[in-house]
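Enquirer: The structure follows.
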Amino acid sequence: MNTRKIAVVAAVAAAGFGLIGAGAGATFTDAVTTTQQVTAGSIDMQLTSDASGVTISTDKKTASFADLGPTQSTFSSGVVPTTITNHGNATANAIVLSAGDVHADNAASNALASEICVKIISPVGKGVAYDGKLSGLQAHPIQLQGPVVSGGTDSFSTEFYAGSGQCASLTNASEGGVVNPSVTVSYVG
């Protein structure tokens, strides 16, 4: 082999040894992590009332007022106070005040449902949350705000009426009609 070929082989070998060292370097790795336990709480809104004639369901979610009637064309159920207590362990926020009713599908009950009014004061004795036709609150629920902490209370009073305030007296069309109106306060937690 001539010297020139030996020199080329030696150069290629030296270059090969250089490449082996270039890829063999060390790479350091490391990582950090954050963690936190999250426990979901619960809300458990329950109703009470000291008003006479009010019965509370066994799950304490519904307060049923005493039957009213037969009424005149002008009437009032009277102001019925209720208290809502958060028996859960998370804060509840009142979000919607809405209304509903159950009635037979006959002309008199349909007329009464469209003529009856409701007044809701929250908290009891303070500001008027709604005063007008029951059907108006059914069609346009009201957005509410207000936290109720665990063990805290919220309260409101309800009055169903006709012939005073925002509501005219019942018309002849509602004679003999029967309606079971309701008011609901919804919470989120």
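The values are calculated or read from the model by the stated rules, or taken from the named source; none is laboratory data. A quick note: this is a predicted structure, and the numbers were derived from the prediction, not measured. Neighbour counts are summed over all protein chains in view; Cβ atoms, including those assigned to glycine, are modelled from backbone coordinates with ideal geometry.
Enquirer: Residue check, I84 against (1) buried (at least 17 other Cβ atoms within 10 Å of the Cβ); (2) aliphatic (A, V, I, L, M); (3) in contact with a helix residue (DSSP H, G or I) (Cβ under 7 Å, 6 or more places away or on another chain), all met but one. Which one?
Expert: Of (1) buried (at least 17 other Cβ atoms within 10 Å of the Cβ); (2) aliphatic (A, V, I, L, M); (3) in contact with a helix residue (DSSP H, G or I) (Cβ under 7 Å, 6 or more places away or on another chain), only one is false for I84: (3).
Enquirer: For residues that are of a type in the set (S, T, N, Q) and touching a residue at least 40 places away in the same chain (Cβ under 8 Å), scanning just the range 123-146, find the one that is farthest from E175 (Cα to Cα).
Expert: Start the filter on the range 123-146 by keeping residues that are of a type in the set (S, T, N, Q), which leaves 135, 138, 143, 145.
Subsequent filtering for residues that are touching a residue at least 40 places away in the same chain (Cβ under 8 Å) retains 138, 143, 145.
Working: Q138: 22, Q143: 34, Q145: 38 Å.
Top of the filtered list is Q145.
Enquirer: Which of the residues belonging to the range 116-174 are out of contact with any Cys (no Cβ under 7 Å at 6 or more places or on another chain), farther than 21 Å from T91 by Cβ and of a type in the set (S, T, Y)?
Expert: Y130, S135, S157, T158, S164, S169, T171, S174
Enquirer: Could you please find all residues in the range 136-149 being of a type in the set (S, T, N, Q) and either modelled with pLDDT under 95 or exposed (fewer than 14 other Cβ atoms within 10 Å of the Cβ) (or both)?
Expert: Our first condition is that a residue be of a type in the set (S, T, N, Q); within the range 136-149, this holds for 138, 143, 145.
Hits for the range 136-149 are Q143, Q145.
Enquirer: Taking the range 22-63 as the region of interest, how many residues are aliphatic (A, V, I, L, M), outside any strand (DSSP E or B) and surrounded by 10 or more Cβ atoms within 10 Å (Cβ to Cβ)? Break it down into steps so the answer makes sense when it comes.
Expert: To start, the set of residues in the range 22-63 that are aliphatic (A, V, I, L, M) comprises 22, 24, 26, 31-32, 38, 40, 43, 45, 47, 51, 54, 56, 63.
Then keep just the ones that are outside any strand (DSSP E or B); that gives 22, 24, 26, 31-32, 38, 40, 43, 51, 54.
The next check asks that each one be surrounded by 10 or more Cβ atoms within 10 Å (Cβ to Cβ); those that pass are 43, 51, 54.
The number of residues fulfilling the criteria is 3.
Enquirer: Taking the range 110-132, which residues are surrounded by fewer than 19 Cβ atoms within 10 Å (Cβ to Cβ) and farther than 19 Å from T83 by Cβ?
Expert: Matches in the range 110-132: N110, S114, D131, G132.
Enquirer: On the basis of being within 30 Å of E175 (Cβ to Cβ) and modelled with pLDDT of 90 or more, does G53 make the cut? Give the derivation first.
Expert: On the way: within 30 Å of E175 (Cβ to Cβ): yes; modelled with pLDDT of 90 or more: yes.
Spelling it out, G53 is indeed within 30 Å of E175 (Cβ to Cβ) and modelled with pLDDT of 90 or more.
Enquirer: With respect to N106, is the statement that it is surrounded by fewer than 20 Cβ atoms within 10 Å (Cβ to Cβ), touching a residue at least 60 places away in the same chain (Cβ under 8 Å) and not small (G, A, S) true? Can you show your working first?
Expert: Working: surrounded by fewer than 20 Cβ atoms within 10 Å (Cβ to Cβ): yes; touching a residue at least 60 places away in the same chain (Cβ under 8 Å): yes; not small (G, A, S): yes.
When the stated conditions are applied, N106 passes them.
Enquirer: Looking only at the range 161-177, count how many residues are over 29 Å from the mean Cα position of the chain (by Cα), surrounded by fewer than 16 Cβ atoms within 10 Å (Cβ to Cβ) and not hydroxyl-bearing (S, T, Y).
Expert: So the count comes out to 6.
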